[in-house]
There are 2 protein chains.
Amino acid sequence: MTQSILSHVYENGLVLVAEPMMSLESAAFSFLIPAGCSQEPPHRAGLAAFTCEMALRGAGKRDSHQFISDLENLGVERGESVSVNHTSFGGATMSKNLWPALEIFADLLRRPHLPADQLEAGRAVVLQELRSIEDEPAQKVMLELRRRQYPDPWGRSSHGELAALRSIQSDAIRDFHARTYAPNGTILGVAGRIDWPRLKDEVGRLFGDWKPNPTSVHDGEQKLSRREHLAHESNQTQIGIAYASVPYRDPDYYQASAAVNVLSGGMSSRLFTEVREKRGLCYTVYATHHTLRDRASVLCYAGTSAERAQETLDVMLAELVRLAAGVEQQELDRLKARIKSALIMQQESSSSRSSSIARDWFHLGRARTLAEVGKLVDELTRKSINAYLAEHPPRDFTVVTLGSQPLEVPVGIS
Amino acid sequence: MTQSILSHVYENGLVLVAEPMMSLESAAFSFLIPAGCSQEPPHRAGLAAFTCEMALRGAGKRDSHQFISDLENLGVERGESVSVNHTSFGGATMSKNLWPALEIFADLLRRPHLPADQLEAGRAVVLQELRSIEDEPAQKVMLELRRRQYPDPWGRSSHGELAALRSIQSDAIRDFHARTYAPNGTILGVAGRIDWPRLKDEVGRLFGDWKPNPTSVHDGEQKLSRREHLAHESNQTQIGIAYASVPYRDPDYYQASAAVNVLSGGMSSRLFTEVREKRGLCYTVYATHHTLRDRASVLCYAGTSAERAQETLDVMLAELVRLAAGVEQQELDRLKARIKSALIMQQESSSSRSSSIARDWFHLGRARTLAEVGKLVDELTRKSINAYLAEHPPRDFTVVTLGSQPLEVPVGIS
């Protein structure tokens, strides 16, 4: 399958990046808006998520009900999420419905009503979401891990904080929207059955006169302890471990990512084998490469019974430390086969491609074809991965646990 | 896109059903094995899941390590699950790797080692999974709801029970495998870039001499109360509600399913609008049509704060009761648009199609093309849906709650 990626940068800074997939009948789109929770002012934790919730309650000439109704009549499967850097809005539908769908999203992004009379209903929804995390220990431990692994604002949880969510009023939401929903920094990825010249024109017509805004975020410091135990009455213990890695834009990214894949990609991976298969310490264990633009981490998780939690932590840390000694050729062969196969399957999904090319642009200022990614994976060698690991051995671990008893980080582990 | 579905029934009862999707490069397969938890003998709750866990630990000429390693070298993305009726094994890979992948799965199904020296590690894994549900109240309430909605064995949880999992020995696992992993009742769905004549031959070669077994399941009675509160210290309350519906094979299925879609399909649906958007009672609320072969239910869920739980239950039940009065034309138009768009997107996924056609065969003894499903959806009318609802008004609710305080089912709700 030949792949080509087309892009256009409008005068106001908006980026359009597109991948025609003409064997499909669907088209998918993904807006990355520079309205992530890193943009929230002090004492407003959760403002990005609250604004996103309100933006869906009517826009342009449509009230809340008409807005949703028109989108559903177009058969749009939509979803939105808030991360540190972005508020994302995505959708997929039959390609012929792409144009009216983009028209509705232009209203959503540029002309939302943010209706004051729905503020309390919206607040109740974001409060319910925040509280539901209290009931999900696995999610809670990983949010706390990120908060302690990155300097503020990069470790923030998009769910926000109770006191802040309770105090936010309509003016704060309007201000946040006016400041952060802007064409500069916004990336629109589109993939599927698309007509590129028409797409470029339509997006220009819908977004060309959107005024850019100045934006900036300043790094803070990580002032929290990197060892934390959250007390929680349960017979289960949740374990989160993090260590620094290189971001997606780094020339060494594929080496770093391959090493994580040896730890945790598939059933033959080291964590799965040592923690789950051999010792039966838990049902779920994983490590994942988490990347921001200028920094990145490996985040590891296991959920286990209280009585086996210490052993689980010990085995996980031992595997992380052992990774520095390098990977085997067989491990590299298996991960190449897994990744190549996964790339083929990605190439068959318009939703997957529209969000991937938008994310690529954010990190790299361009998008990679899957053929290009395949070539980078082909070029991986045991030597290059092991050289990377020798220079960047996993260490300086952030460790967060949640359960009835704290655990000991073994002597000799920094 | 033209679609054709091909099928072959081998002499031993094994069904092969396939959908060529020649615009793709992948091929996906889905085995439904009649080894669901409804087949578990008394005091062996969890045996199906334990057997599934052990079946992946080596088969044929490959030990545990080689088995996983060879599958991963073929780039197979796999997954398995246990339901009431089936243990399912699925995989997707590049189409050229389909043949060796099926060869490995033939070993897994017919010649697993079920190694005694890995029994304790396997037991620890299934025990960990069972315990992790204790920490996931949303899942726990829905498992309890099903247990109280269906007569045994149809309401069973595949996760099993603690005492049973602790007592199971290798002989029980070997017996369960010998009795339930059999060609009669097994359905293999394959979709993607496939060569049908070769597929039929290869599957015949790999499975043609597999000996059939007699199997049967007897319905029990539902002896548990249909109102239950599970005490759990939390500021959140989980609510599950169920009522009877018609199964997939029933001529009225699309009417029943459309009505559920009006309740809970998309952001304009009644539950989403009334419970989440207008009142902000919760972040997640849904109703879903759950079908077995000969019986079915609508299962509803909401997770909310303790102080708003009673209001949430009241509003949900009121919406369920109100459904009997019928649906609006606008609601029907929107759901048709949503479903038609979703069908287009399903047609682009080999994994989705391979499991759908296998499930179709289980329920209907044949598989529907997506064009046929589209036609059935087109033929839905407000009149036919409302006639169905008048005859089958939602009632006789099973209600399970989990939280610090029990709730009251309103007077007049049966």
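Counting other Cβ atoms within 10 Å, which GluC sites (Glu not before Pro) in segment A:354-414 have at most 12 and lie in a DSSP loop?
Counting only loop positions with at most 12 other Cβ atoms within 10 Å, the GluC sites (Glu not before Pro) in segment A:354-414 are A:GLU379, A:GLU408.
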Check your understanding: What is the percent of Cα-Cα separations in chain B that go past 26 Å?
Key -> 59
Practice item. Give the percent of DSSP beta bridges with both residues in chain A that are antiparallel, rounded to the nearest 5. Key: 80
Practice item. Based on a Kirkwood Rh over C-alpha pairs, give the Stokes-Einstein translational diffusion coefficient of segment B:86-193 at 25 °C and viscosity 0.890 mPa s in µm²/s. Key: 146
Review point. Which order do B:SER351, A:SER234 take when ranked by solvent-accessible area (1.4 Å probe, heavy atoms of all protein chains), largest first?
Key: B:SER351, A:SER234
**Study point:** Cβ-vector label at 7 Å, B:ASP117, separations to other copies in nm
**Key:** 7.4
Practice item. Work out the charge dipole of segment A:121-224 with +1 on the Cβ of Lys and Arg and -1 on the Cβ of Asp and Glu about the Cα centre, then indicate which of A:GLY160, A:VAL125, A:THR215 is farthest towards its positive end. Key: A:THR215
Revision key, fill the gap. Given unit charges at Cβ for Lys, Arg (+) and Asp, Glu (-), the dipole magnitude of the protein assembly as shown about its Cα centre in debye, nearest 20, is 760
Practice item. Taking each label point as 7 Å beyond Cα in the direction of the beta carbon, state the distances from B:MET267 to the same residue in the other copies, shortest first, in nm. Key: 4.0
**Study point:** Most mobile listed residue (B:GLY204, B:GLY365, B:GLY160) in chain B, GNM with C-alpha springs under 10 Å
**Key:** B:GLY365
Study note, to complete from the structure: Once A:LEU109, A:LEU230 are ranked on solvent-accessible area with the largest value leading and a 1.4 Å probe, the list reads A:LEU230, A:LEU109
Exercise for review: Between the alpha-carbon centers of segment A:369-396 and segment A:39-111, tell me the distance in whole angstrom.
Suggested key: 37
Revision key, fill the gap. Taking Lys and Arg as +1 and Asp and Glu as -1, residues besides A:GLN346 with C-beta under 14 Å from its C-beta add up to -2
Revision key, fill the gap. Rounded to the nearest 10 degrees, the helix A:382-391 long axis (Cα) sits at an angle to the longest Cα principal axis of chain A of 80
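What do you reckon, how do A:SER95, B:SER225 stack up by accessible area (1.4 Å probe), largest on top?
Highest to lowest solvent-accessible surface, that is B:SER225, A:SER95.
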**Study point:** Fraction of alpha-carbon pairs over 47 Å apart in the protein assembly as shown - percent
**Key:** 20
Practice item. Kindly work out what percent of the DSSP beta bridges joining two residues of segment A:50-118 are antiparallel, to the nearest 5. Key: 100
Review point. Can you list the residues, at least 5 places off or on another chain, whose amide H is less than 5 Å from the amide H of B:HIS229, using H built in the peptide plane?
Key: B:THR401
Review point. At what distance in angstrom do the alpha carbon centres of segment B:113-158 and segment A:294-364 lie from each other?
Key: 27
Point to revise | Angle in degrees between helix B:119-134 and the longest Cα principal axis of chain B, rounded to the nearest 10 | key: 10
Point to revise | Chain B, closest residue to the rotation axis toward A, by beta-carbon, whole angstrom | key: B:SER23, 2
Exercise for review: Place +1 on the Cβ of every Lys and Arg and -1 on the Cβ of every Asp and Glu in segment A:263-414, take the dipole about the Cα centre, and give the residue among A:PRO394, A:LEU335, A:ALA367 whose Cα lies farthest towards its positive end.
Suggested key: A:ALA367
Review point. Once phi is turned into ³J(HN,Hα) by the Karplus curve 6.51 cos²θ - 1.76 cosθ + 1.60 with θ = phi - 60°, what whole-Hz value does each residue of segment A:353-361 show in order, with x for glycine and proline?
Key: 6, 5, 6, 5, 5, 5, 4, 3, 4
**Study point:** Rounded accessible area of A:ARG110 (nearest 10 Å², 1.4 Å probe)
**Key:** 50
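Semi-axes of the equivalent ellipsoid of segment B:1-89: what are they in whole Å, largest first, if each equals the square root of 5 times a C-alpha gyration tensor eigenvalue?
Here the semi-axes work out to 27, 21, 12 Å.
Measure off, as a whole percent, the carbon and sulfur share of the 1.4 Å-probe accessible area of segment B:151-215, all protein chains present.
Roughly 51 percent of what the probe reaches on segment B:151-215 is carbon or sulfur.
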Review point. Lys/Arg Cβ at +1, Asp/Glu Cβ at -1, dipole of the protein assembly as shown taken about the Cα centre: which of A:SER83, A:VAL315, B:SER170 is farthest positive-ward?
Key: A:SER83
Point to revise | 10 Å Cβ neighbours from other chains, averaged over peptide A:344-357 | key: 3
Point to revise | Copies compared at B:GLN330 - label distances in nm, ascending, label defined 7 Å from Cα in the Cβ direction | key: 6.4
Review point. Taking each residue of A:260-267 in turn, how many C-beta atoms of other protein chains fall within 10 Å of its C-beta, and what is the average?
Key: 2
Check your understanding: Taking only the alpha-carbon atoms of segment B:265-414, what semi-axes of the equivalent ellipsoid follow from 5 times the gyration tensor eigenvalues under a square root, in whole Å, largest first?
Key -> 31, 18, 17
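The values are calculated or read from the model by the stated rules, or taken from the named source; none is laboratory data. Not measured: the values here are computed from a predicted model. Cβ coordinates were reconstructed from backbone atoms using ideal geometry, including for glycine residues, and neighbour counts include every protein chain displayed. These accessible areas exclude ligands, DNA and RNA; they are computed on the full protein's heavy atoms, side chains included. Shrake-Rupley method; radii C 1.70, N 1.55, O 1.52, S 1.80 Å.
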